[in-house]
1. I'd like the full set of residues that are at pLDDT 95 or above and of a type outside the set (D, E, K, R), limited to the stretch 224-249.
2. So for the stretch 55-74 (the condition being closer than 24 Å to Asn205 by Cα, touching a Pro at 6+ places or on another chain (Cβ under 7 Å) and assigned to a loop (DSSP other than H, G, I, E, B)), does at least one residue qualify?
3. Of Gly41, Gly35, which residue is at pLDDT below 95, within 16 Å of ligand 1 (Cβ to nearest atom), at positive phi and not in a helix (DSSP H, G or I)?
4. Name the one entry in Ile104, Ile46, Ile95 that is within 16 Å of the chain's Cα centre (by Cα), under 29 Å from Gly244 (Cβ atoms), away from ligand 2 (no atom under 16 Å from the Cβ) and outside any loop (DSSP other than H, G, I, E, B).
5. Does Ile46 satisfy the condition of being surrounded by 20 or more Cβ atoms within 10 Å (Cβ to Cβ) and away from ligand 1 (no atom under 14 Å from the Cβ)?
6. Which of the residues that make up the stretch 143-165 are part of a helix (DSSP H, G or I), under 17 Å from Met198 (Cα atoms) and not small (Gly, Ala, Ser)?
7. From Asp190, Asp183, Asp134, grab the single residue that is of a type outside the set (Phe, Trp, Tyr) and under 26 Å from Lys48 (Cα atoms).
Amino acid sequence: MVTKGDVKTKRRKKQAAGNGEIITLTNVSKAYATGAPALNGVSLHINKGEFVFIVGDSGSGKSTMIKLLLRELVPTSGEINVMGYDLVRIRHRKIPKFRRNLGIVFQDFRLLKDRNVYENVAFAQRIIQVSSKDIKRNVPSILATVGLAGKYKAKPRQLSGGEQQRVAIARALVNRPTILLADEPTGNLDPKNSWEIMKLLEQINENGTTVLVVTHNREIVNAMQKRVVTMKKGVIVSDEEKGGYIDED
Ligand code: ADP
Ligand code: MG
């Protein structure tokens with residue numbers, strides 16, 4: 001006998017198998033209680049292993065898109081599929097399992113101020129109940145990857161902005177996510193640190209993680225020659241392989 005649960009599982013496997021697509025937005029709109037819709041009929045397809053910049057003016061809907069991909073928000077209409085999960089119909093109790101496969105980095109780092117570097121990263125593993133033995137192996141390894149091997153004991157305030165963002169990236173990566181989402185990760189950094197963080201994100205992508213980066217950094221976007229999705233007033237106005245930053249006027 002085929003139970004309801006079996007049917008659901010099969011359906012999800014079928015979607016996930018597909019053609020390497022890992023993120024699919026189909027005609028997605030999101031309206032907040034007030035104002036014009038933040039997203040208005042957005043469709044976007046991203047394959048496993050891609051590196052994608054999302055650019056556009058302030059207020060164009062970039063952070064709304066990131067929040068929809070995290071299932072922090074639900075669209076007003078349209079369909080969103082991430083890693084085979086239907087984010088419109090996903091059950092609440094399945095959301096933590098879904099998010100386990102996502103790493104997220106913000107402009108303002110969001111570190112625990114009273115914990116040291118090691119603890120900030122280990123925390124992400126404790127939440128998902130990784131054993132102490134594995135935490136002791138994984139945290140130093142990821143801190144070395146982001147170039148912070150000598151800083152385990154430092155508190156966030158003892159670090160530069162660039163170093164704090166590396167801690168945040170280590171925390172986002174320690175659970176080995178399939179997708180890394182970064183919303184203006186270099187927004188608070190000087191040009192040198194911005195470049196270093198973007199190069200680190202590129203390296204993470206080269207190791208197989210799908211990476212989406214929201215940014216205003218025109219110089220870096222133009223230099224890195226990645227896929228660039230440009231948003232304006234809630235719609236995608238261009239989507240180019242090896243693209244550049246499109247000027248507003
Ligand atoms: P971006 O990240 O590109 O700057 P956002 O996605 O943050 O853009 O915002 C898109 C639009 O939605 C803006 O007009 C913004 O004012 C509005 N908006 C964002 N969050 C909310 C909210 N919680 N309530 C009402 N309006 C919001
Ligand atoms: Mg934003």
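The values are calculated or read from the model by the stated rules, or taken from the named source; none is laboratory data. Everything numeric in this text was worked out from a predicted model, so none of it was measured. Reconstructed Cβ throughout: ideal geometry from the backbone, glycine too, with neighbour counts over all protein chains shown.
1. Correct list: Met224, Gln225, Val228, Val229, Thr230, Met231, Gly234, Val235, Ile236, Val237, Ser238.
2. The answer is no, given that none of the residues of the stretch 55-74 is closer than 24 Å to Asn205 by Cα, touching a Pro at 6+ places or on another chain (Cβ under 7 Å) and assigned to a loop (DSSP other than H, G, I, E, B).
3. Unique residue meeting the criteria: Gly35.
4. Result of the check over Ile104, Ile46, Ile95: Ile46.
5. yes
6. Correct list: Leu143, Thr145, Glu163, Gln164, Gln165.
7. Asp183
The rows are residues; the columns are (1) assigned to a loop (DSSP other than H, G, I, E, B); (2) more than 16 Å from ligand 2 (Cβ to nearest atom); (3) basic (Lys, Arg); (4) modelled with pLDDT of 95 or more.
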| position | (1), (2), (3), (4) |
| --- | --- |
| Val121 | no, yes, no, yes |
| Asn138 | no, yes, no, yes |
| Ser141 | no, yes, no, yes |
| Ala168 | no, yes, no, yes |
| Pro177 | yes, yes, no, yes |
| Pro185 | yes, no, no, yes |
| Trp195 | no, yes, no, yes |
| Met198 | no, yes, no, yes |
| Leu201 | no, yes, no, yes |
